[in-house]
Amino acid sequence: MSAEIPSEIHIPVMLQEIIDAFAPLKERGEPLRYFDGTLGRGGHLRAILENMPQVRAVGLDQDPSAIKFVENALAPEIAQGRLTLVRGTFHEFDPATLGEFDMMLLDLGVSSPQLDQPQRGFSFYYDGPLDMRMNPDAGPTAADFVNTWSDAELYKVFKEYGEIFKPSRVVNEIVRARKEKPFTSTFDLSKLIERVEGWRRKGFHPATPYFMALRILVNNELQGLEDNLPRLLTGLRPGGRLAVLTFHSLEDRIVKNILRGATEIGRPVNKKVIVPTREEELRNPRSRSAKLRVFERQMAESHLLERQDGVTDAADLAMDRKGPTRVE
């Protein structure tokens, strides 16, 4: 039994909703700074630059192929000084280095191009190395964990990150199989899971939660989000907004709790989470699990007076400061 293989076409998720979330800032008619902490193929970034001529942007991604793609695709904006690209992860964000921003976006999880490139090892639809690193130059691969972690450690990862009720049968088979031959490819693992779990839901590959759990582990996604999202909030200028796109319940729970708990500096813009329209779900199936939350930092009277007087604040100068692995 097979499921539909994903398309290689990259479609930015909930693009109009994100533009709408930042629209009140556009109406100010003043220069704005935008931070894209998960650049990917730059779909959201491009739309923001086109929709808001007054924006200067910083785009961040730990994947060198993403940086290279956007460097070519948005070369005019880079030449005009409207866009600076930085190789790194939002886990490393430091307002003291990059300054403060009026708009910030996190589009969490794996990108479509990463899923659709077999050599990256994210997808069970293609045979490739069991890698799953968003930064291909750093850290252990998924194969390293699968081949070396104890059965108890693998059980915990699959149960907590994959939200799998009883992963013990798959874990036991992994431990048995790796004694004969280490896991090296995505098909090594996905075929084992298919054999053990079987196809219980039409169109839902049984390896889906296992691969998601390993990807989260390899890239430190949940702990990195929980540890660093509060610091991102401090990088918002007064009146600025942060938009976060999540794609599974564990991410969304962390984001929801942090944004709701940051009452000393701001508030969530929407009482209820924003989800894709039915039309978008049909047009882009990968959007189906997406959830959007928007946070606004409260205005400060002294900041308003300063901006009205035309005084340049430190954040306007931060584009020229030394930052992590800047790409000119």
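If you filter the range 231-246 down to residues that are outside any strand (DSSP E or B) and either in contact with a Leu (Cβ under 8 Å, 6 or more places away or on another chain) or among the β-branched types (Val, Ile, Thr) (or both), you find that the one that is surrounded by the fewest Cβ atoms within 10 Å (Cβ to Cβ) is THR234. Would it be correct to say that ILE216 is within 22 Å of PHE247 (Cα to Cα), among the β-branched types (Val, Ile, Thr) and either in a helix (DSSP H, G or I) or touching a Pro at 6+ places or on another chain (Cβ under 7 Å) (or both)? So ILE216 passes the test. Tallying residues that are in contact with a helix residue (DSSP H, G or I) (Cβ under 9 Å, 6 or more places away or on another chain) and polar (S, T, N, Q) within the range 258-270 yields 1.
Determine whether LYS191 is modelled with pLDDT under 95 and out of contact with any Pro (no Cβ under 9 Å at 6 or more places or on another chain).
no
Candidates in the range 10-56 are the residues that are among the aromatic types (Phe, Trp, Tyr) and in a strand (DSSP E or B); of these, the one that is farthest from LEU85 (Cα to Cα) is TYR34.
Just to be sure before I move on: is GLU279 over 22 Å from the mean Cα position of the chain (by Cα) and part of a helix (DSSP H, G or I) in the structure I sent? Let's see the steps before the verdict.
On the way: over 22 Å from the mean Cα position of the chain (by Cα): yes; part of a helix (DSSP H, G or I): yes.
Criteria met by GLU279.
Scanning the range 105-129 for residues that are in a loop (DSSP other than H, G, I, E, B), in contact (Cβ under 8 Å) with a residue 60 or more places away in the chain and under 18 Å from LEU189 (Cα atoms) returns ASP116, GLY121, PHE122, SER123, PHE124, TYR125, TYR126, ASP127.
Among the candidates SER249, SER190, the residue that is over 30 Å from ALA96 (Cα atoms) and crowded, with 16+ Cβ neighbours inside 10 Å is uniquely SER190. Number of residues in the range 60-105 that are within 20 Å of ILE18 (Cβ to Cβ), touching a strand residue (DSSP E or B) at 6+ places or on another chain (Cβ under 7 Å) and surrounded by fewer than 20 Cβ atoms within 10 Å (Cβ to Cβ) equals 1. The set of residues from the range 151-175 being β-branched (Val, Ile, Thr) and touching a residue at least 40 places away in the same chain (Cβ under 8 Å) comprises VAL157, ILE164, VAL170. Please verify whether the range 173-189 includes one or more residues that are among the hydroxyl-bearing types (Ser, Thr, Tyr), touching a Ser or Thr at 6+ places or on another chain (Cβ under 9 Å) and not assigned by TED's automatic domain parsing to the domain that holds GLY88. Scanning the range 173-189, I find at least one residue that is among the hydroxyl-bearing types (Ser, Thr, Tyr), touching a Ser or Thr at 6+ places or on another chain (Cβ under 9 Å) and not assigned by TED's automatic domain parsing to the domain that holds GLY88, so the answer is yes.
Only one of the listed residues (ALA66, ALA96) is in a helix (DSSP H, G or I) and under 18 Å from the mean Cα position of the chain (by Cα). That residue is ALA66.
Taking the range 160-176 on its own, how many of its residues are crowded, with 17+ Cβ neighbours inside 10 Å and over 14 Å from PRO209 (Cα atoms)? Walk me through how you get there before you give the answer.
If we filter the range 160-176 for residues that are crowded, with 17+ Cβ neighbours inside 10 Å, which is where we start, we get 161-162, 164, 167, 170-171, 174.
Retained after the next criterion (residues that are over 14 Å from PRO209 (Cα atoms)): 174.
Adding up the residues that qualify gives 1.
Screening THR38 with (1) in contact (Cβ under 8 Å) with a residue 40 or more places away in the chain; (2) surrounded by fewer than 21 Cβ atoms within 10 Å (Cβ to Cβ) gives one miss only, at (2). Within the range 187-198, residues that are polar (S, T, N, Q) have Cβ atoms under 8 Å from residues that are modelled with pLDDT of 95 or more and assigned to a helix (DSSP H, G or I) in these pairs: SER190/PHE211, counting only partners at least 6 apart in sequence or on another chain.
The values are calculated or read from the model by the stated rules, or taken from the named source; none is laboratory data. Computed from a predicted model, the values in this text were never measured in an experiment. In this analysis, Cβ positions are derived from the backbone assuming ideal geometry, glycine residues included, and neighbour counts consider all displayed protein chains.
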